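Enquirer: Sharing a structure with you now.
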Amino acid sequence: DKLKRLMFYLLKSGIKSVIPEFHSSYSELFETLETKLADKGKASFNEANDQAAFNFLARSLYGTSPSNTQLGTDGPKLVQKWVLFQLSPILVLGLPKFIEDPLIHTFPLPPFLVKKDYQRLYDFFYQSSGHVLDEAERLGVSRDEACHNLLF
């Protein structure tokens, strides 16, 4: 119940910045794509879109531009890697089942492979979400637990 209230607080606190930040982030996305198309004749939408989405969420919910922090533009790649490790037990790669099951479904992927990346994401969220972490403490949730839940 406390974490649910915290998440609703986060959403409510960013209500005035969602539309402006969406416009800003996705305008930047399309400007970047247009520039790359003009220069190189091709552009990758997926990478640029991932960056725009991460920027939008960080700016609208936390008021922080990731590119102005130590995280820089690494956020989407770190999130993708972390999600891969979270979903690996249920991923389907399309390999024959007798190969895929022993390779990725029998043993969990070792967490040390993403620990440093997770820590970078955690540090970004911890530094960027001060007002949310203050609210978490007011609700009786530790800053550390709240930050892990914000990241998750």
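Enquirer: Hey, what do the phi angles of segment 116-122 turn into as Karplus ³J(HN,Hα) couplings, whole Hz, using 6.51/-1.76/1.60 and θ = phi - 60°, x for Gly and Pro?
Expert: Per residue, the Karplus-derived 3J(HN,Hα) values read 5, 5, 4, 5, 4, 5, 4 Hz.
Enquirer: Pulled fully out, how much extra length does the chain show between residue 77 and residue 65, if you take 0.36 nm times their separation in residues and subtract their Cα-Cα distance?
Expert: 2.7 nm
Enquirer: Computed from the coordinates I sent, Rg and Dmax of the Cα atoms in Å equals one of [x] 24.8, 79; [y] 17.2, 49; [z] 18.3, 54. Tell me the label.
Expert: Only one listed value fits the structure, namely [z].
Enquirer: In whole Hz and in residue order, list the ³J(HN,Hα) couplings for segment 59-75 that follow from phi through the Karplus curve 6.51 cos²θ - 1.76 cosθ + 1.60, θ = phi - 60°; x for Gly and Pro.
Expert: 6, 6, 8, 10, x, 10, 8, x, 5, 8, 10, 5, 5, x, 9, 7, x
Enquirer: Still on this structure: Using 7 Å Cα-to-Cβ label points, what is the residue 131/residue 28 separation (nm, one decimal)?
Expert: So the two model labels end up 1.9 nm from each other.
Enquirer: Just 38, 136, 58 to compare: in a GNM of the chain, with alpha carbon springs under 10 Å, which one fluctuates most?
Expert: Sorting by GNM fluctuation, first place goes to 38.
Enquirer: Just to check I understand the Karplus step: with θ = phi - 60° and J = 6.51 cos²θ - 1.76 cosθ + 1.60, what whole-Hz values come out for segment 6-21, glycine and proline as x?
Expert: My calculation for segment 6-21 gives 5, 5, 5, 4, 4, 5, 5, 5, x, 4, 7, 9, 4, 5, x, 6 Hz in order.
Enquirer: Determine which lysines satisfy two conditions relative to residue 42: a Cα distance under 30 Å, and not lying fewer than 8 residues away in the same chain.
Expert: Once the sequence-local lysines are set aside, what remains near residue 42 is 77, 81.
Enquirer: With the crude spin-label approximation of a point 7 Å out along Cα→Cβ, what separation in nm comes out for residue 38 versus residue 119?
Expert: Label at residue 38, label at residue 119, 4.2 nm between them.
Enquirer: For the chain, what does the helix formula give at 222 nm: sum of -39500 (n - 2.57) over DSSP H segments with n ≥ 4, over the residue count, nearest 500 deg cm²/dmol?
Expert: -20000 deg cm²/dmol
Enquirer: So if we plug the beta-carbon distance of residue 15 and residue 92 into 1/(1 + (r/R0)^6) with R0 = 41 Å, what FRET efficiency do we get, rounded to 0.05?
Expert: Result of the calculation: an efficiency of 0.60.
Enquirer: 7 Å from Cα along Cα→Cβ at both residue 46 and residue 8: what's the point-to-point distance in nm?
Expert: Here the modelled spin labels are 3.8 nm apart.
Just so you know, all these numbers are worked out from the coordinates, no wet-lab data involved. Worth saying up front: this structure is predicted, and the values here are computed from it rather than measured. All Cβ positions, glycine included, derive from the backbone under ideal geometry; neighbour counts span all protein chains shown.
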